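Below is one structure, written out as structure tokens, with a few remarks after it.
The values are calculated or read from the model by the stated rules, or taken from the named source; none is laboratory data. Note that the structure is a prediction, hence the values are computed from the model and not measured. Please note: Cβ atoms are built from the backbone with ideal geometry, for glycine as well, and neighbour counts cover all protein chains shown. Accessible surface areas use protein heavy atoms only, side chains included; no ligands, DNA or RNA. Shrake-Rupley method; radii C 1.70, N 1.55, O 1.52, S 1.80 Å.
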Amino acid sequence: MRKLVYILVSLSLLVPSFSSLAAEEDDLVDVQLLGVNDWHGQIDYEDYFADFDGDGENDPAGRADYLAAYLKEREATNPENTLLVHAGDMIGGSPLISASFQDEPVVEIMEAMGMDVGTLGNHEFDEGVDELLRMIHGGEHPDGTEGYDGMDFPVVAANVQYKDTEELLVDPYVVKEVEGQKIGFIGVTTTETPSMIIKEGNENVEFTDEVEAINRFVPELKEQGVRAIVVLAHNPGYQEGDEITGDAAHIAENVDDEVDVIFAGHNHVENNGLVDDKLIVQAYSYGTAFSDVDLKIDPETGDIVEKTAEIVTVAQHGMEPDPEVAAILEKYETLVDDIKNEVIGEAAVPLEGGYAERGDLGDNALGNLIADGMKWAMDADMAMMNGGGIRADIDEGPITYGEVFTVQPFGNTLVKAELTGEAIIEVLNNQLSEPYGPDYSVAGMSYTWNYDEMEVIDVFLPDGSEIDPNEIYTVVVNNYMFGDDDSGIEDLALSSEIGPTDLDATVDYIQSFDEPIEYDAEGRIQELELNIPLKDHANASERAKERLKELAKKGKFKKVKH
């Protein structure tokens with residue numbers, strides 16, 4: 001996700017279903033489903049995005065001990081008939097407090113909260129299938145916790161299978177019984193996952209169509225007498241008003257009508273609405289909110305006849321943290337404090353990062369610094385860094401190891417590849433996409449591109465000369481980018497060499513500065529529109545403006561008087 005948007009409104013939606021009128025209201029079985037998605041190991045995360053106590057200042061929301069308190073408070077309203085579920089990406093892309101212990105603290109907290117069933121997100125595959133299965137079933141890891149025994153709740157995914165045998169990695173569904181009523185939970189993971197995970201360790205896994213997978217197993221559940229079916233889908237939904245679009249809506253429109261509820265995920269927003277009489281919910285990310293779905297089941301038919309949904313913000317104001325989870329959190333905070341608080345440098349200005357963008361100055365300060373560090377670490381000609389691998393900004397002032405870890409939490413390794421100039425241009429074209437434009441930050445080069453053609457115009461070397469299509473250059477990327485089929489780097493590389501982790505390269509580069517670090521966007525990436533006045537590019541860097549004049553002389557741009 002490029003942007004995380006919070007809406008401080010909890011919507012409540014009452015949806016009666018008229019499939020069964022046999023049971024009286026008093027005879028219906030009340031079931032409560034509490035859902036979390038896209039936690040990403042952010043057990044200590046809190047966000048100041050709203051004024052909850054009315055004092056005019058924003059107050060914190062989130063953090064695992066407060067989330068646990070809210071969930072237990074809601075569970076207490078229907079203690080025998082409440083199930084806690086998740087829609088994937090609970091681990092992976094995690095901060096230091098979680099990732100230092102292979103995300104096992106997240107599992108410990110989920111168990112303390114009473115998690116009942118979950119599914120797989122794309123980030124569960126960050127370290128490959130073997131590590132994912134260890135996380136589920138147990139087994140010690142050198143960086144993990146002693147005696148780790150896996151997850152004490154089922155993880156289901158109906159569309160994730162081995163390529164060679166077509167056997168599923170985990171069970172496709174699980175049936176839970178609440179007050180004599182059977183509820184089936186089917187899991188699915190976005191088919192976009194292969195484009196977002198490293199190849200290494202995931203070579204033998206594939207993701208089949210979500211709708212086909214769900215419809216394959218609904219009949220099995222029906223044969224077992226299950227008429228209440230919930231899908232845990234790590235698939236995005238996009239809501240405007242009452243309308244929901246995206247993958248989650250596509251699933252709702254095309255799956256068997258026996259499916260009643262879809263817990264969505266992946267794009268970190270709020271969903272709460274109906275598509276084809278199926279209730280879709282999603283509760284932002286990082287534990288700052290959760291979904292509360294209340295169901296009424298007709299005991300004579302097993303059908304869900306009413307469904308109510310609410311998205312609840314985990315505001316810390318007015319809530320006491322759960323002591324059991326607070327103790328777990330404190331244990332791991334103490335273990336990582338020394339590492340987390342080590343000062344490795346100083347930022348003279350705020351260093352903002354993320355994806356490259358459209359515009360005269362498409363690069364960003366932190367992306368430039370990271371790419372420069374990659375190039376420096378492996379003594380290469382150039383470097384490229386994907387925007388999705390830059391997970392946070394760095395504040396002005398002392399830079400701590402914990403800050404940098406939060407920026408680059410994936411533990412990717414650097415790869416130095418030999419590429420021809422022609423191949424570099426092809427890779428740069430491959431990373432352009434609608435509607436965003438560029439993705440990668442770059443070092444050792446700059447380039448211009450055009451949105452209408454979705455094509456790179458020119459690539460320049462540091463001395464101002466243009467890249468030679470036939471020359472061979474060394475380019476550093478991370479192993480995720482190297483193996484990404486969309487980038488094409490692995491297929492285009494003439495040779496490759498493995499280097500340090502991306503985090504180590506950035507840390508070492510920061511430590512190499514004797515003075516406070518001052519980086520900014522400087523025009524390494526510049527969008528040029530055809531047939532527009534040069535004066536509209538007044539904010540471009542000096543070198544880019546000179547290049548614009550050169551292009552104008554060649555007739556690529558309209559010449560105007562300034």
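So which of 340/375; 182/307; 163/416; 182/278; 163/199 end up more than 21 Å apart by C-alpha?
340/375; 163/416
I'd like to know which of 178, 98, 56 lies farthest towards the positive end of the charge dipole of the chain, counting +1 on Cβ of Lys and Arg and -1 on Cβ of Asp and Glu.
56
On full extension of the chain, what length is gained from residue 485 through residue 25, given 0.36 nm per residue of separation minus the C-alpha to C-alpha distance?
160.1 nm
Probe radius 1.4 Å, ligands and nucleic acids ignored: give me the carbon and sulfur share of the accessible area of the chain as a rounded percent.
That share works out to 44 percent.
What distance in nm separates the two pseudo spin-label positions at residue 511 and residue 164, each 7 Å out from Cα along the beta-carbon direction?
In this crude label model, residue 511 to residue 164 measures out at 4.1 nm.
Extension gain residue 453-residue 245, at 0.36 nm per residue separation less the Cα-Cα distance, in nm?
Computed gain between residue 453 and residue 245 is 72.1 nm.
Where a ≥ b ≥ c are the square roots of the eigenvalues of the C-alpha gyration tensor, would you call the range 341-399 rounded, which needs a/c under 1.5, or, failing that, prolate if a/b is larger than b/c, or oblate?
Judged from the Cα gyration tensor, the range 341-399 comes out oblate (a/c at least 1.5, b/c at or above a/b).
Given a 1.4 Å probe, how much area per residue of the range 133-225 is accessible, in Å²?
Using a 1.4 Å probe on heavy atoms only, each residue of the range 133-225 averages 48 Å².
So which aspartates and glutamates pass the test for residue 222, namely a Cα distance under 13 Å, with those fewer than 8 places away in the same chain ruled out?
Within the straight-line cut-off, residue 222 pairs with 256, 257, 258, 303.
How much accessible area per residue does the range 278-329 have, counting only protein heavy atoms and a probe of 1.4 Å, in square angstrom?
Roughly 27 Å² per residue, with all protein chains present.
Which shape class, rounded, prolate or oblate, goes with the chain when its Cα gyration tensor gives a ≥ b ≥ c as root eigenvalues, a/c under 1.5 marks rounded, and past that a/b bigger than b/c marks prolate?
Prolate.
List the aspartates and glutamates whose Cα sits under 13 Å from the Cα of residue 72, skipping any in the same chain fewer than 8 residues away.
80, 111, 292, 320, 322, 324
Over the range 386-451, give the accessible area per residue in Å² for a 1.4 Å probe, as an integer.
Result: 30 Å² per residue.
Pull out a ≥ b ≥ c, the square roots of the eigenvalues of the alpha-carbon gyration tensor of the range 176-271, then state rounded if a/c is under 1.5, prolate if not and a/b is larger than b/c, and oblate in the remaining case.
oblate
In deg cm²/dmol and to the nearest 500, what is the mean residue ellipticity at 222 nm of the chain if only DSSP H runs of at least 4 residues count, each as -39500 (n - 2.57), divided by the residue total?
Theoretical 222 nm ellipticity from helices: -7000 deg cm²/dmol.
Using +1 at the Cβ of each Lys and Arg and -1 at the Cβ of each Asp and Glu in the chain, identify which of 473, 308, 113 lies farthest towards the dipole's positive end.
Among 473, 308, 113, the one farthest towards the positive end of the dipole of the chain is 473.
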